[in-house]
Structure formats: C-alpha cells, structure tokens
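So the structure is just underneath, and the comments pick up after that.
Throughout, read-outs are computed from the coordinates displayed, never taken from laboratory work. Keep in mind that what you see is a predicted model, and the values were worked out from it rather than measured. Quick reminder, even Gly has a Cβ in these numbers, built from the backbone with ideal geometry, and neighbours come from all protein chains shown.
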Amino acid sequence: MQFQFRYTSGLWLFMVSAMIILVLLIFSWRYRRSSSGRCFIILMVCAFLWVSNFILETASLTLAWKIFFARIEFIGITFIPAMWFFLVREFTNRRILGDNWLVVLVIPVVT
C-alpha cells in the first residue's frame, strides 16, 4: 500500500510545534544524566511522537494509514500525564522511592 498525503492549511502549526519540540529535545540532551533531565527528555519524546504522528495522520489520505498513525500517536499521548507528574515530583524534590513509580505507569501501560 502506497502512502499518499495531502497538505492542509492548518498543518503548518503542528509542524512548527514538532520543530520546537525537537529543538527542546536537542538542548536538553546535555542534562540527560540528571533525573529531572531524563524526565524532561522522555516527556519531549512522547510529545514529539504525538505531534509527528498527528501530522502524518492528518495528511494521509487512506483510512488504513490514518488508523496506523493514530495508534502510534496514542502511545505518546498516554504517557504524557505520567511524565509531567514525574517531572513535577523531581522539581519539587519529592522523588518517588522504590518501585512506586510503576504504580503511576499502570494506567498508561493498560490503555
């Protein structure tokens, strides 16, 4: 099946958003050793996964490709709230101890 796409007028906003997320990801890479840096990088990867697949979903013409990109898109969407939670916990110095972080990830993994 060949991938066919069409550019729509509002798609450029999401393309700019994807580029901004990539720039943030590149600049935050030097902080990957810190725990808050890791949380932020994972958050940006999830956001990029969401936005980039939304662009492809919106631009594709066939239903099969739209469904394919929507399924990949929702992988990023489900983990964004958990990553925000982890990032806030790191910035407020209330780290999650032990395996308690697995409890937070149960809902995104199940969905």
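7 Å from Cα along Cα→Cβ at both residue 16 and residue 103: what's the point-to-point distance in nm?
Here the answer is 4.3 nm between the modelled labels.
Sort 20-29, 79-88, 40-49, 7-16 by the packing proxy (mean of other Cβ within 10 Å over each peptide's residues), most packed first. Don't skip to the answer; put the middle values down first.
Working: 20-29: 13.8, 79-88: 17.7, 40-49: 19.4, 7-16: 11.4.
Ranking, from highest mean packing down: 40-49, 79-88, 20-29, 7-16.
From the square roots a ≥ b ≥ c of the eigenvalues of the alpha-carbon gyration tensor of the chain, which class results: rounded (a/c under 1.5), prolate (a/b over b/c), or oblate?
Numbers: a/c = 3.34, a/b = 1.76, b/c = 1.90.
Judged from the Cα gyration tensor, the chain comes out oblate (a/c at least 1.5, b/c at or above a/b).
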